Amino acid sequence: MKNVLAINAGSSSLKFQLIEMPEEKVSAIGVVERIGLPDSIFQIEANGKKDKTVQDIANHEVAVKMLLEALIKKGVIQSYDEIDAVGHRVVHGGEYFSDSVLITDEVIETIEKVSELAPLHNPANLTGIRAFKEILPNVPMVAVFDTAFHQTMPKSSYLYSLPENYYTDYGIRKYGFHGTSHKYVTERAAELIGAPLESLRLISCHIGNGASVTAIQGGESIDTSMGFTPLAGVTMGTRSGDIDPALIPYIMEKTGKSADEVINVLNKESGMLALSGFSSDLRDIEEQSETNERAALALTVFAERIHKYLGSYAAKMSGVDAIIFTAGVGENSDTIREKILTGLEFMGVYWDPKRNDVRGKEQFINYPHSPVKVIVIPTNEEVMIARDTIRLSSN
Ligand SMILES: Nc1ncnc2c1ncn2[C@@H]1O[C@H](COP(=O)(O)OP(=O)(O)O)[C@@H](O)[C@H]1O
Ligand SMILES: CC(=O)OP(=O)(O)O
Ligand SMILES: [Mg+2]
């Protein structure tokens, strides 16, 4: 048995799970939120007990120390020697990584090199890696990339219609993200359907704060809604998704903002937050949607963008065998799933409102006679990270 610590470091948060492998038994799970802000929150659940503390946590290194100390204090481990390996989610791997990799100084340098392509995510991932390297210098660490699963996309999917040297000189292409999650639900879907992956055409909707839709044929990603960065595609919590690129210089001219400032608006002040006018959190928006027109419109825009991808990807694969919903919204919001699925009978999607009334667990929500299956599958990026970490650190 080996203890793997799976780390998902965000810009202001750090999610973690300590997992006993190969049994995949979770011995501790938790999250640190609001890192670098006042009143940071640290939550950990282990041995059937939940603890929550609120205190300032200045940076990721402090967060890492707190979580390691909490593992000992709660008796999950007796000493740090019991942590056999650490796996890190890294959002952008560029074209450098089509699989997870054992972290070396050279790997860290490469992750740094592609950081400018995922400014909300990669720097935070690197901070997590460095913090662990400092505190557990002799423990093997593995990087698991959001982009890796999408490296199977054909050139016709990933090339933009731009001068060729933009791709060859600058690596400008579609990369795609949430790959670890899309891969996890793909494999689970094949198991639940009871058919070999090779025979399936799937559309996976990862809808959380960040959201992306992926077409998966024969187990491989063949197209996805995010692009060069995680800003592209559907409307998200605070991200605009696709807009006309000519808007960027236009907004700069009208508002006097720099390019960086406009991108910051598109990343952090747009999406559901901008449409609703009050929140990026889908729960808040759903709560107000009966009485607040902007909230109702935001829900419609959000669902419609995803709805259109379902038609588009079904066309691309000449049909679809199953549609998958995952991540915070996809797993929990029957309202959004209903809005996305309504009107798809023409392509064989017959969903059952009773079965759709489900939250956070695996369930088919289609009628048994539906040619297209629709499945809610809670994602588990951490277990995927742990599996790859064991595979690559045991050699
Ligand atoms: N019960 C629920 N009903 C509706 N939306 C929910 C529910 N639980 C979580 N969400 C939504 O899920 C989103 C966060 O998803 P998550 O996958 O955790 O995001 P991320 O990992 O990108 O930060 C939020 O918009 C939140 O409102
Ligand atoms: C890549 C990405 O958008 O990740 P998240 O949904 O965690 O923000
Ligand atoms: Mg996420």
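The values are calculated or read from the model by the stated rules, or taken from the named source; none is laboratory data. What you see is a predicted model, and the numbers here were worked out from it, not measured in a lab. Glycine also receives a Cβ, built like all others from the backbone with ideal geometry; neighbour counts cover every protein chain displayed. Areas reflect the complete protein model, heavy atoms only, side chains present, ligands, DNA and RNA absent. Shrake-Rupley method; radii C 1.70, N 1.55, O 1.52, S 1.80 Å.
Restricted to the stretch 1-60, and to residues there that are among the small types (Gly, Ala, Ser), in contact with a Gly (Cβ under 7 Å, 6 or more places away or on another chain) and open to solvent by 40 Å² or more (accessible area, probe 1.4 Å), the residue that is farthest from ligand 2 (Cβ to nearest atom) is ALA58.
Among strands (runs of 3 or more DSSP E) entirely within the stretch 1-53, having at least 2 residues that are under 24 Å from LEU392 (Cβ atoms) and within 24 Å of the chain's Cα centre (by Cα) singles out 2-9, 14-21, 25-33. When you scan the stretch 304-311, do you find a residue that is assigned to a helix (DSSP H, G or I) and farther than 24 Å from THR379 by Cβ, even just one? No, because not a single residue in the stretch 304-311 is assigned to a helix (DSSP H, G or I) and farther than 24 Å from THR379 by Cβ.
Hey, among VAL144, VAL107, which residue is within 21 Å of the chain's Cα centre (by Cα), of a type in the set (Val, Ile, Thr) and surrounded by 16 or more Cβ atoms within 10 Å (Cβ to Cβ)?
Values: VAL107 fails: within 21 Å of the chain's Cα centre (by Cα).
Testing whether each residue is within 21 Å of the chain's Cα centre (by Cα), of a type in the set (Val, Ile, Thr) and surrounded by 16 or more Cβ atoms within 10 Å (Cβ to Cβ) leaves just VAL144.
From the list PRO378, PRO368, exactly one residue is open to solvent by 40 Å² or more (accessible area, probe 1.4 Å), without any contact (Cβ under 8 Å) to a residue 60 or more places away in the chain and in a loop (DSSP other than H, G, I, E, B). Which is it?
On the way: PRO378 fails: open to solvent by 40 Å² or more (accessible area, probe 1.4 Å).
Answer to the selection: PRO368.
Inspect all residues belonging to the stretch 321-329 and state whether any of them is assigned to a loop (DSSP other than H, G, I, E, B), in contact (Cβ under 8 Å) with a residue 40 or more places away in the chain and open to solvent by 30 Å² or more (accessible area, probe 1.4 Å).
Scanning the stretch 321-329 turns up at least one residue that is assigned to a loop (DSSP other than H, G, I, E, B), in contact (Cβ under 8 Å) with a residue 40 or more places away in the chain and open to solvent by 30 Å² or more (accessible area, probe 1.4 Å).
Checked against the criterion of being surrounded by 15 or more Cβ atoms within 10 Å (Cβ to Cβ), within 16 Å of ligand 3 (Cβ to nearest atom), closer than 19 Å to SER12 by Cβ and under 22 Å from the mean Cα position of the chain (by Cα), the stretch 239-246 has at least one qualifying residue.
Every residue, every condition in (1) within 11 Å of ligand 2 (Cβ to nearest atom); (2) in a strand (DSSP E or B), yes or no:
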| site | (1), (2) |
| --- | --- |
| LEU202 | no, yes |
| CYS205 | no, yes |
| VAL213 | no, yes |
| MET226 | yes, no |
| GLY233 | yes, no |
| GLY237 | yes, no |
| ASP242 | no, no |
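Within the stretch 176-204, the only residue that satisfies the criterion of being in contact with an Asp or Glu (Cβ under 7 Å, 6 or more places away or on another chain), within 16 Å of ligand 3 (Cβ to nearest atom) and under 14 Å from GLU220 (Cβ atoms) is GLY179.
Please enumerate the residues belonging to the stretch 376-395 that are of a type outside the set (S, T, N, Q), more than 16 Å from ligand 1 (Cβ to nearest atom) and out of contact with any Leu (no Cβ under 6 Å at 6 or more places or on another chain). Write out each step before concluding.
Going through the stretch 376-395, the residues of a type outside the set (S, T, N, Q) turn out to be 376-378, 381-388, 390-392.
Now narrow it down to the ones that are more than 16 Å from ligand 1 (Cβ to nearest atom): 386-388, 390-392.
Passing the criteria: ALA386, ARG387, ASP388, ILE390, ARG391.
Comparison of PRO154, PRO119, PRO123 shows that the only residue that is modelled with pLDDT of 95 or more and surrounded by fewer than 22 Cβ atoms within 10 Å (Cβ to Cβ) is PRO154. Contact map, the stretch 146-160: residues that are more than 14 Å from THR186 (Cβ to Cβ) paired with residues that are modelled with pLDDT under 95 and open to solvent by 70 Å² or more (accessible area, probe 1.4 Å), Cβ distance under 6 Å, separation 6+ or inter-chain. Pairs shown: GLN151/SER98.
For the stretch 127-140, the tally of residues that are within 19 Å of MET66 (Cβ to Cβ) and open to solvent by less than 60 Å² (accessible area, probe 1.4 Å) stands at 8. Regarding LEU192, is this residue part of a helix (DSSP H, G or I), aliphatic (A, V, I, L, M) and in contact (Cβ under 8 Å) with a residue 40 or more places away in the chain? Against the criterion (part of a helix (DSSP H, G or I), aliphatic (A, V, I, L, M) and in contact (Cβ under 8 Å) with a residue 40 or more places away in the chain), LEU192 qualifies. Here VAL262 meets the list (1) in a helix (DSSP H, G or I); (2) crowded, with 17+ Cβ neighbours inside 10 Å; (3) in contact with a strand residue (DSSP E or B) (Cβ under 9 Å, 6 or more places away or on another chain) almost entirely, failing just condition (3). Does the stretch 232-252 contain at least one residue that is over 25 Å from SER333 (Cα atoms) and modelled with pLDDT under 95? No, the stretch 232-252 has no match at all.
Within the stretch 161-211, count every residue that is among the hydroxyl-bearing types (Ser, Thr, Tyr), more than 10 Å from the chain's Cα centre (by Cα) and either within 18 Å of GLY227 (Cβ to Cβ) or surrounded by fewer than 18 Cβ atoms within 10 Å (Cβ to Cβ) (or both). It would help to see each step written out before you state the result.
Within the stretch 161-211, the first condition is being among the hydroxyl-bearing types (Ser, Thr, Tyr), and the residues that meet it are 161, 166-168, 170, 175, 180-181, 184, 186, 199, 204.
Next, only the ones that are more than 10 Å from the chain's Cα centre (by Cα) stay: 161, 166-168, 170, 175, 184, 186, 199, 204.
From what's left, either within 18 Å of GLY227 (Cβ to Cβ) or surrounded by fewer than 18 Cβ atoms within 10 Å (Cβ to Cβ) (or both): 161, 166-168, 170, 175, 199, 204.
The qualifying residues number 8.
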